[in-house]
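Undergrad: Input: one structure, supplied below.
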Amino acid sequence: MTHSKQCRNFKRNRVTKGFFTQYFFTLILVTQGFLFGASLSHAETGLDGILLRGFGSAGAISTTEPIGLGDYGGRGTQLNLTTPLRLGLNASSKINEKLGVRGQFSASSSNSGQFTPQFDWGFVGWDAFSWLQIRGGRIIAPIWVNSQQIDVGYSYIWYRPPVEVYSLNTIRSLNGASALFQGNLGPGFLTMDLYGGEGTHSFSQNAANGSQTTVKTRDGWGVATSYSMLDESLVLGATYSQAHVEAFVDIPTEIAGAALGQEAGVSLVVPVRKRVDTTFGSFYSFSLNYEQEGFLFFSEYARRQLNGLNYPDSQGVYATLGYRIEEFTPHVTMAQNFGITGNANYHPKFPSAAVFDPAIQLNKIQSIGLGLNFMPVDSVVIKGAASKVQMAYTDTTQNFNFWVFSLVSDFVF
């Protein structure tokens, strides 16, 4: 066996052992959190003036084709037990009548199997008036109707929001400030959030070649509004944001050790950074949520425009219809990513492609999914779903379909 193969096998065995160690350790924590959450039944625990809330998710995802697209589970036909895995803690405390602090920490597993803790957001809030709060720190980027709870799967109906829409903007928090206005207006309640700052988000989108994408925004600002009526049964929302955007892709590449000052004949796998582009980008969205007497309807439309970046301009829309029947909630979701322009060359049959191929031009992604949620206790929701995804290309012979199956438990404590 060559030195190169020995090196690769050693790394593979070490990563595999590390993954199982992390997974079983995390499984213990998830089980404890599940039991604790069930016993507290979504209780809020105050400790020395600090209000603590915990949340988590655990489950499994699988697809019918060996795709490498991370948004849909990332491991293809292999049963993926890591992508849904998440544990988090939300804390808030009042310093005085007008000043308070809030923060959230979480640990989640990426498509590559790495379990990483992170500081999601944390800020100081000052209640200047009854209708105005000023926030500063790492603030939540309010670009979606679910932005406030996007990491808390318990708070929404799906095991994760529809990726055909939510993949259009992956920034979840910003280092900056915001002014939150809120008050009664006519028959409803108006909320308007003006914000600005810069943010960074890294994600593993292509599990087949292990690439890591990092998106950075600077000089960004935006506004998010919502208007609730009918005792909050109907909520309308709209957002707009813009920023200078910079994107990088780190692709693990095998390089001869001699080139890195190592022993000759030994190869190492190191991340090689490719600077994709820097450009100006804008984003806007509209949403409608309605819940009344067990009937549920959720919908969002979003559009991303990137001038020159090697990521496509595109639009997305979804609609979810459901009905609560005691502990059960059956639901159906239709989603579509369309109007794709620019370099959109990803194809599941060629997941490691690193060059833009005009013959593999993605035009549209659409899906339809059926789900059933079961709430055995107030603090736990078990979600089962099956979705058919269709990817359409300029060359119709490249069109590709696959199914995604998931069984996930979301809980709070």
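Undergrad: Being over 30 Å from Met391 (Cβ atoms) and open to solvent by less than 30 Å² (accessible area, probe 1.4 Å) is the requirement here; does Phe123 meet it?
TA: Spelling it out, Phe123 is indeed over 30 Å from Met391 (Cβ atoms) and open to solvent by less than 30 Å² (accessible area, probe 1.4 Å).
Undergrad: Only one of these conditions is not met by Ile171: (1) under 19 Å from Gly103 (Cβ atoms); (2) touching a residue at least 12 places away in the same chain (Cβ under 8 Å); (3) not in a loop (DSSP other than H, G, I, E, B). Which number is it?
TA: With respect to (1) under 19 Å from Gly103 (Cβ atoms); (2) touching a residue at least 12 places away in the same chain (Cβ under 8 Å); (3) not in a loop (DSSP other than H, G, I, E, B), Ile171 is out only on (3).
Undergrad: Follow-up question, since we're still on this one. Being of a type in the set (Gly, Ala, Ser) and either part of a loop (DSSP other than H, G, I, E, B) or closer than 29 Å to Met229 by Cβ (or both) is true for just one of Ala177, Ala91, Ala128, Ala107. Which residue is that?
TA: On inspection, the qualifying residue turns out to be Ala128.
Undergrad: I want to confirm something. Restricting to segment 286-312 and keeping residues that are in contact with a Ser or Thr (Cβ under 7 Å, 6 or more places away or on another chain) and modelled with pLDDT under 95, which single residue is farthest from Thr170 (Cα to Cα)?
TA: By that ranking, first place goes to Gln292.
Undergrad: For Gln118, which of the numbered conditions (1) at pLDDT below 90; (2) crowded, with 17+ Cβ neighbours inside 10 Å fails to hold?
TA: Failing condition for Gln118: (2).
Undergrad: Lys274 versus (1) touching a strand residue (DSSP E or B) at 6+ places or on another chain (Cβ under 8 Å); (2) modelled with pLDDT of 75 or more: which is the lone unmet condition?
TA: Tallying (1) touching a strand residue (DSSP E or B) at 6+ places or on another chain (Cβ under 8 Å); (2) modelled with pLDDT of 75 or more, Lys274 fails exactly one: (2).
Undergrad: Are there any pairs with C-beta distances below 6 angstrom linking a residue in segment 283-295 that is in contact (Cβ under 8 Å) with a residue 12 or more places away in the chain to a residue that is among the polar types (S, T, N, Q), with the two at least 6 apart or on different chains, and if so which?
TA: Matching pairs, first to second residue: Phe283/Asn169; Phe283/Ser241; Ser285/Thr239; Leu288/Ser299; Glu291/Ser233; Gln292/Ser233.
Undergrad: Against the condition at pLDDT 90 or above and either open to solvent by less than 30 Å² (accessible area, probe 1.4 Å) or small (Gly, Ala, Ser) (or both), how does Ser267 come out, does it pass? Break it down into steps so the answer makes sense when it comes.
TA: Details: at pLDDT 90 or above: no; either open to solvent by less than 30 Å² (accessible area, probe 1.4 Å) or small (Gly, Ala, Ser) (or both): yes.
In short, no.
Undergrad: Restricting attention to segment 180-193, which residues are touching a residue at least 24 places away in the same chain (Cβ under 8 Å) and outside any strand (DSSP E or B)?
TA: Pro187
Undergrad: Taking segment 184-202 only, how many residues are open to solvent by less than 40 Å² (accessible area, probe 1.4 Å) and modelled with pLDDT under 90?
TA: Count: 1.
Undergrad: Give segment 359-374 a look and list any residue that's surrounded by 15 or more Cβ atoms within 10 Å (Cβ to Cβ) and within 23 Å of the chain's Cα centre (by Cα), or say none.
TA: Answer for segment 359-374, where residues must be surrounded by 15 or more Cβ atoms within 10 Å (Cβ to Cβ) and within 23 Å of the chain's Cα centre (by Cα): Leu362, Asn363, Lys364, Ile365, Gln366, Ser367, Gly369, Gly371, Asn373.
Undergrad: Scan (1) open to solvent by less than 30 Å² (accessible area, probe 1.4 Å); (2) within 20 Å of Gln104 (Cα to Cα) for the single condition Arg135 breaks and write down its number.
TA: (1)
Undergrad: All but one of (1) at pLDDT 95 or above; (2) acidic (Asp, Glu); (3) not in a strand (DSSP E or B) hold for Glu232; which doesn't?
TA: (1)
Undergrad: Which condition number does Phe105 fail, the rest of (1) at pLDDT 80 or above; (2) crowded, with 18+ Cβ neighbours inside 10 Å; (3) touching an Asp or Glu at 6+ places or on another chain (Cβ under 8 Å) being met?
TA: With respect to (1) at pLDDT 80 or above; (2) crowded, with 18+ Cβ neighbours inside 10 Å; (3) touching an Asp or Glu at 6+ places or on another chain (Cβ under 8 Å), Phe105 is out only on (2).
Undergrad: Now for a different question. Does Asp378 satisfy the criteria of being among the charged types (D, E, K, R) and open to solvent by less than 10 Å² (accessible area, probe 1.4 Å)?
TA: no
The values are calculated or read from the model by the stated rules, or taken from the named source; none is laboratory data. Small disclaimer: the values here were computed from a predicted structure and weren't measured. Counting neighbours? That spans all protein chains shown, and the Cβs are built from the backbone with ideal geometry, glycine included. Ligands, DNA and RNA are excluded from the accessible area calculation, which covers all protein heavy atoms including side chains. Shrake-Rupley method; radii C 1.70, N 1.55, O 1.52, S 1.80 Å.
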